[in-house]
Each structure stands twice: as C-alpha cells, then as structure tokens.
1. Inside region 92-138, can you point out the residues that are in a helix (DSSP H, G or I), within 23 Å of Asp61 (Cα to Cα) and among the basic types (Lys, Arg)?
2. Please list, ordered by first then second residue, the pairs with beta carbon atoms under 9 Å, 6 or more apart or interchain, first in region 96-116 and under 20 Å from Arg68 (Cβ atoms), second outside any loop (DSSP other than H, G, I, E, B) and hydroxyl-bearing (Ser, Thr, Tyr).
3. Of all residues in region 117-127 being in contact (Cβ under 8 Å) with a residue 12 or more places away in the chain and among the polar types (S, T, N, Q), which is nearest to Phe7 (Cα to Cα)?
4. Within region 87-131, which residues are open to solvent by 50 Å² or more (accessible area, probe 1.4 Å) and modelled with pLDDT under 85?
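The values are calculated or read from the model by the stated rules, or taken from the named source; none is laboratory data. Treat the numbers as computed from the prediction; the structure is a model and nothing was measured. Neighbour counts run over all protein chains shown; Cβ positions are idealised from the backbone, glycine included. Please note that ligands, DNA and RNA were not included when accessible areas were found on the heavy atoms of the full protein model with its side chains. Shrake-Rupley method; radii C 1.70, N 1.55, O 1.52, S 1.80 Å.
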Amino acid sequence: MAIYNIFISHAWRYSDSYKQIVRWLNEAQNEGKLVWKNYSVPEHDPLIDPNTTIGKNKLKDMLKEQIRPASKILVLSGMYVAYSEWIDFEIDTSVNYGKYIIGVKPWDQQRIPSKVSNNADIVVGWNKNSVINAVIDS
C-alpha cells in the first residue's frame with residue numbers, strides 16, 4: 001500500500017478544522033484505506049515571532065522543509081481571509097515544488113478564494129469521503 005505524505009495547510013489559532021482532517025485521515029488509515037504521514041508544521045515555537053522579519057523568514061524556511069517531502073497538499077480554504085499571506089506562501093511553494101494540491105471547501109460554503117481554486121488540482125467539499133477519495137485517487 002502506498003504511503004501518502006501529506007501537508008495540511010492550517011493556522012493553529014483555527015485548529016479545529018485541521019484536527020478534523022487529521023481525524024479523518026487517521027480513521028481511513030485504521031480502516032485500511034490508506035497509510036499516511038503528517039508533514040504539517042507543528043505548533044510553532046512561541047519564541048518565533050512571525051510578525052518580525054527574522055521570525056517570518058524562520059517560519060517560511062520551516063514551511064518549505066515541511067512541504068518539500070509531501071506528495072499531497074491539503075488547503076483548508078476557510079481560513080484564507082485571516083491567513084492569506086501564509087496560505088499564499090504555502091500554495092506558491094507547493095506549486096513551485098510541483099505538488100498535488102487538494103482544496104477543501106469549508107462546511108456549507110459554496111465559494112472559495114480564487115488563489116485556492118486557481119491552483120488546486122481538485123477542490124472537494126467538507127466531508128471525510130471527499131477528502132479521502134481526493135487523496136487516494138490523485
């Protein structure tokens with residue numbers, strides 16, 4: 001069985017959506033549908049301030065190192081407005097590395113930001129089967 005190396009774009013301040021995606025992937029793994037490894041950035045060191053030039057550059061370097069080995073990138077588009085600078089960076093880095101990008105629409109939302117829709121290889125709704133099938137079928 002293939003191992004899916006997955007980076008999930010997220011913001012720790014809005015971690016519920018991230019945690020739900022992780023639960024779905026873990027459930028699918030427990031059900032024997034896939035094997036996956038999480039390459040998402042862990043909760044960052046509070047000593048790194050992303051509002052300073054040095055801190056921002058450090059976080060960008062960390063993101064690049066997490067995205068580089070990933071084969072699939074999940075972009076949770078519901079956080080885009082609040083974190084567009086970081087999500088833009090993650091999307092641009094993923095595109096530059098030639099990664100397969102899966103855009104995930106938030107629950108009960110019809111539209112997603114054009115940055116996500118223009119760069120995603122596929123956009124799926126907010127449900128376990130859609131997310132898991134997008135990972136497996138790509």
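1. In the first step, residues of region 92-138 are kept if they are in a helix (DSSP H, G or I); the result is 92-96, 114-119, 128-137.
Cutting the leftovers down to within 23 Å of Asp61 (Cα to Cα) gives us 92-96, 115-116, 119.
Of everything in region 92-138, just one residue is in a helix (DSSP H, G or I), within 23 Å of Asp61 (Cα to Cα) and among the basic types (Lys, Arg), namely Lys115.
2. Within 9 Å, the pairs are Lys99/Thr93; Tyr100/Ser94; Ile101/Ser94.
3. Quick first cut of region 117-127, residues in contact (Cβ under 8 Å) with a residue 12 or more places away in the chain only: 117, 119-126.
Pick out the ones that are also among the polar types (S, T, N, Q) and you get 117, 119.
On the way: Ser117: 18, Asn119: 15 Å.
If we take residues in region 117-127 being in contact (Cβ under 8 Å) with a residue 12 or more places away in the chain and among the polar types (S, T, N, Q), then Asn119 is nearest to Phe7 (Cα to Cα).
4. If the condition is that a residue be open to solvent by 50 Å² or more (accessible area, probe 1.4 Å) and modelled with pLDDT under 85, then Trp107, Asp108, Gln109, Gln110, Arg111 are the ones that fit.
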